[in-house]
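First the structure, in the form of structure tokens, and then the observations on it.
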Ligand SMILES: NC(=O)c1ccc[n+]([C@@H]2O[C@H](COP(=O)([O-])OP(=O)(O)OC[C@H]3O[C@@H](n4cnc5c(N)ncnc54)[C@H](OP(=O)(O)O)[C@@H]3O)[C@@H](O)[C@H]2O)c1
């Protein structure tokens, strides 16, 4: 079996990219140096990603192999009753024998009201199946996405496996990050790793309402605003996912890694203070109503 691989902290997001579009972005990203790819069954792009990965391994001009990549995928809320079959289908489409990380995408099963008791039953069952797949070597690591601290606590209290070394993928940006901090702090003893998405806050980060304080920091340090925010999240030991169809942006975003050591503690405090506790704005789907 290939060795356990540390997760590259900056991953390529692929949400809403399909077919030729995802193929082109992935080729550009691999050439730029990305080795962490985030997909999901529900993105319907696993087959296209698998094709580009095969093309990469067989390219005589590179020496890149499967073990150079960190590949994350997620079980669809529509497949919560058949988690093992869903995983096997994902492995087939991505043309790989194992995933580096497999996540439960969402704490609820599709087409049920938020307060249905079925959600909890199915996510606990799915968690057991993911643990068994990890034992089998089909996945190296497992985790959850969009789970609240309470949903995570249930995995500890009500499954035989618990959450040792689990990953949690969730929305994170300067307007919403304290839930990530709470999960990181509360479950630190379990070796939990946090990975953020929507770091650009659905366009707010590069739009007109961008806070002047961030302009000041980016100008002073010669970094882009996006690099400043990615570096802020990385400095908290959170992995980050970013999607771009623009090769300059792909390069810029990867450059955030070297910006981490440039931000001062004062800069980080300014970024923290963009939102205040209790008044944060969650912009993406909200799991807090899921029973
Ligand atoms: N688990 C979940 O439920 C969940 C939910 C959402 C997302 N995700 C994952 O996280 C990934 C990222 O989230 P996302 O795709 O919603 O959006 P995102 O990465 O937060 O933002 C993508 C947008 O930002 C722009 N952008 C990227 N880099 C930029 C830069 N340096 N300067 C200016 N604009 C830039 C892109 O435009 P250009 O193409 O022009 O660069 C694109 O319009 C997803 O693709 C997915 O893999 C997971």
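The values are calculated or read from the model by the stated rules, or taken from the named source; none is laboratory data. Not measured: the values here are computed from a predicted model. Here the Cβ is made from the backbone with ideal geometry for all residues, glycine too, and neighbour counts use every protein chain on show.
Here 175, 127 are screened, and the one residue that is at pLDDT below 95, more than 15 Å from the chain's Cα centre (by Cα) and surrounded by 14 or more Cβ atoms within 10 Å (Cβ to Cβ) is 175. Here is the figure for the range 154-174: residues that are in contact with a helix residue (DSSP H, G or I) (Cβ under 8 Å, 6 or more places away or on another chain) and more than 16 Å from the ligand (Cβ to nearest atom) total 11.
Considering 126, 110, the condition of being closer than 25 Å to residue 291 by Cβ and assigned to a loop (DSSP other than H, G, I, E, B) is satisfied by 110 alone. Elements of the type helices (runs of 4 or more DSSP H) sitting completely within the range 196-264 and holding at least 3 residues that are within 13 Å of the ligand (Cβ to nearest atom), modelled with pLDDT of 95 or more and more than 21 Å from residue 183 (Cβ to Cβ): these cover 225-235, 247-254. For the range 78-92, what are the residues that are within 16 Å of the ligand (Cβ to nearest atom) and either out of contact with any helix residue (DSSP H, G or I) (no Cβ under 6 Å at 6 or more places or on another chain) or in a helix (DSSP H, G or I) (or both)? Matches in the range 78-92: 78, 79, 86, 90.
Filtering the range 6-32 to residues that are more than 16 Å from the chain's Cα centre (by Cα) and either surrounded by fewer than 23 Cβ atoms within 10 Å (Cβ to Cβ) or without any contact (Cβ under 8 Å) to a residue 24 or more places away in the chain (or both) leaves 18, 19, 20, 21, 23, 24, 27, 28, 30, 31, 32.
Residues that are buried (at least 21 other Cβ atoms within 10 Å of the Cβ) and more than 13 Å from residue 103 (Cβ to Cβ) within the range 33-47 comprise 34, 36, 37, 45, 46, listed in sequence order.
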